[in-house]
Amino acid sequence: MPTDAPHPPPLPASGPDPSATAEFIRRTCPLRPSLGLVLGSGFAGAVQDLPVTACFEFAELPGFHRPGVPGHSGQLLIVRFDEVTVAVLRGRLHAYEGHDLPTVTFPIRVLAALGARQLLLTNAAGGIRDDFHPGDLVIVSDHLNALGASPLRGVPLPGGFVDLSEVYSRPLRQALAEALQSTGLAPREGVYAAMPGPSFETPAEIRALRTLGADLVGMSTVAEAIVARHCGLEVAALSCVTNRAAGLGGRISHEEVTEVGHRISPLAQRVLRRFVTLATASASLSA
Ligand code: HPA
């Protein structure tokens, strides 16, 4: 999907400069990534066995904060996926850790400043739709922002309001569908609702979200996707259903969420690898 966002995109009025962080990274690793990949809970193992060209701890990168959630290691890796250079965020920041949304989404601005034109966001999610069960991988078709805020609040918008009528690009959703099929999985799509956390939801909230059209629920992804669109990136997102949402199964625990993520890790790695090849091919076709 070609984008017409201004480059570089306008920044929040205060805060760190993503171009400076990108420059810091380039001094160690001059490779220009074409794609960014955010590995959420359970997907962190998906880059094991791949050649890592450079690895930065979040704590050493200007403007980054260290994630505080178990299962989120907090590294930016430059990885070669077959012939493609990918900038991988292994772990992410969440608003529920106390960060504001510009801080949560700063790493996405850095990926854009590094030159990435495509972005895949991955996450763990609760399944709301009746046929979404633990272990399922689901393509995000659209989202509901129930965070109560926008990451673009206070950001100058010289180009006008950001169009979110197709946040998750059709060609990248197609690439995800083909990647799932090539690993023997049925491609299914769903609407992802982002809740602020850090508690899991109540059954009443899940009934409300279902009525509003949500199929999946989580605590991430949406702010990053909005900022990525603001930066002109082509975006896709993939959820790993780790539990039935509140009131639809048993009690939900963080351990269950991470355990299911680990279990699907080898499968997720195959899907992501295939996706990177297909996405890059679709980018060169549309270039
Ligand atoms: N709710 C919110 N976030 C989640 C869930 C959930 O049920 N599962 C994994 N992340």
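Compactness of the range 119-159, taken as the C-alpha radius of gyration over 2.2 N^0.38 Å, stands at 1.64.
Length gained on full extension, Glu57 to Arg153: 31.8 nm, using 0.36 nm per residue less the C-alpha separation.
Most tightly packed first, judged by the mean number of other beta-carbon atoms within 10 Å of their residues, the peptides 85-97, 28-40 read 85-97, 28-40. Ordering Ala149, Phe56, Pro67 by Cα displacement along the dipole of the chain toward the positive end leaves Phe56 in first place; charges were set at the Cβ atoms of Lys, Arg (+1) and Asp, Glu (-1). Here the residues Thr258, Thr242, ranked from fewest to most Cβ neighbours within 10 Å of their Cβ, fall in the order Thr258, Thr242. Our note on the geometry: Cα centres of the range 117-194 and the range 28-80, 20 Å apart. First check a/c for the range 73-159, with a ≥ b ≥ c the square roots of the eigenvalues of its C-alpha gyration tensor; if it is under 1.5, answer rounded, and if not, answer prolate when a/b is larger than b/c or oblate otherwise. Cα axes put the range 73-159 in the oblate bin. Here r is the Cβ-Cβ distance between Asp17 and Asp130 and R0 is 41 Å; the resulting FRET efficiency, rounded to 0.05, is 0.30.
Express the relative contact order of the chain as a whole percentage, based on alpha carbon pairs under 8 Å and six or more residues apart in sequence.
Over the chain, the number comes to 28 percent.
Working note: Cα atoms of the chain, range along each principal axis, descending, whole Å: 49, 40, 35. With the convex hull drawn around the C-alpha atoms of the range 204-287, the volume per residue stands at 121 Å³.
For the residues Gly98, Gly45, Gly218, a GNM of the chain with alpha-carbon springs under 10 Å puts the largest fluctuation on Gly98.
Each reported figure results from applying straightforward, stated rules to the coordinates on display, with no laboratory input. Just so you know, these numbers come straight off a predicted model, no measurement behind them. No Cβ is skipped: glycine too gets one built from the backbone with ideal geometry, and neighbour counts run over all protein chains shown.
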